[in-house]
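In what follows, a structure is listed as structure tokens, so that the remarks can point back to it.
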Amino acid sequence: MTFDHPMMAGAEQYLDLHRGDASGPLEPIGCTWSPDRLTVTCQPAEPLQHNSQYTFHAGGGMMDADDHPVDIGPHGTQMGGQWLMPGMMGGMHAGMPMSGMGAGWKAANGSYGMVFTFTTG
């Protein structure tokens with residue numbers, strides 16, 4: 001993911017990968033930042049299963065390096081992203097209630113960030 005402002009240290013903790021939809025189990029990923037903190041690259045710890053659905057989740061409350069909230073919506077929806085609203089997926093995130101997610105996950109619009117679903121080949 002590329003941002004238009006440098007991101008705050010630790011923002012990668014609000015990025016995760018799920019098997020299936022956002023209510024599905026987490027797949028361990030490692031994320032690294034470019035030196036200017038504009039681009040984060042995340043890779044799964046293990047190879048993903050073939051012909052399987054995964055969901056990448058970016059928290060809506062991430063902050064840039066100047067402590068301003070990041071608005072992933074305008075560009076994210078253009079790239080196929082969907083807001084993760086509290087009632088979706090039965091209100092669950094990785095098998096736990098969304099209501100238990102910390103501030104870095106919740107956006108000003110009431111969502112828990114944006115999800116991008118894809119299927120491996």
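The values are calculated or read from the model by the stated rules, or taken from the named source; none is laboratory data. In this text, all values refer to a predicted model and were calculated from it rather than measured experimentally. Backbone-built Cβ (ideal geometry, glycine too); neighbour counts: all protein chains shown.
Look at Y112 and say whether it is farther than 19 Å from T2 by Cα and in a strand (DSSP E or B).
No, not satisfied.
Yes or no, residue by residue, for (1) in contact (Cβ under 8 Å) with a residue 40 or more places away in the chain; (2) acidic (D, E):
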{"site": "L38", "(1), (2)": "no, no"}
{"site": "P47", "(1), (2)": "no, no"}
{"site": "N51", "(1), (2)": "yes, no"}
{"site": "G60", "(1), (2)": "yes, no"}
{"site": "D64", "(1), (2)": "yes, yes"}
{"site": "M79", "(1), (2)": "no, no"}
{"site": "Q82", "(1), (2)": "no, no"}
Does A107 satisfy the criteria of being more than 20 Å from D4 (Cβ to Cβ), among the hydrophobic types (A, V, I, L, M, F, W, C), in a loop (DSSP other than H, G, I, E, B) and under 14 Å from the mean Cα position of the chain (by Cα)?
no
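If the requirement is being free of Cβ contacts under 8 Å to residues at least 40 places away in the same chain, closer than 19 Å to H5 by Cα and more than 14 Å from the chain's Cα centre (by Cα), which of these qualifies: P97, P69? Steps first, please.
Details: P97 fails: closer than 19 Å to H5 by Cα.
Every option except P69 fails the conditions.
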Give me a count of the residues in the stretch 1-46 that are farther than 16 Å from M63 by Cα, outside any loop (DSSP other than H, G, I, E, B) and among the polar types (S, T, N, Q).
3
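For every residue, the table says whether it meets (1) in contact with a helix residue (DSSP H, G or I) (Cβ under 9 Å, 6 or more places away or on another chain); (2) in a strand (DSSP E or B); (3) farther than 20 Å from P28 by Cα; (4) modelled with pLDDT under 95.
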{"site": "L48", "(1), (2), (3), (4)": "no, no, no, no"}
{"site": "F56", "(1), (2), (3), (4)": "no, yes, no, no"}
{"site": "G61", "(1), (2), (3), (4)": "yes, no, yes, yes"}
{"site": "G76", "(1), (2), (3), (4)": "no, no, yes, yes"}
{"site": "M89", "(1), (2), (3), (4)": "yes, no, yes, yes"}
Residue tally, condition under 22 Å from S111 (Cα atoms), in contact with a His (Cβ under 8 Å, 6 or more places away or on another chain) and not charged (D, E, K, R), over the stretch 1-53:
9
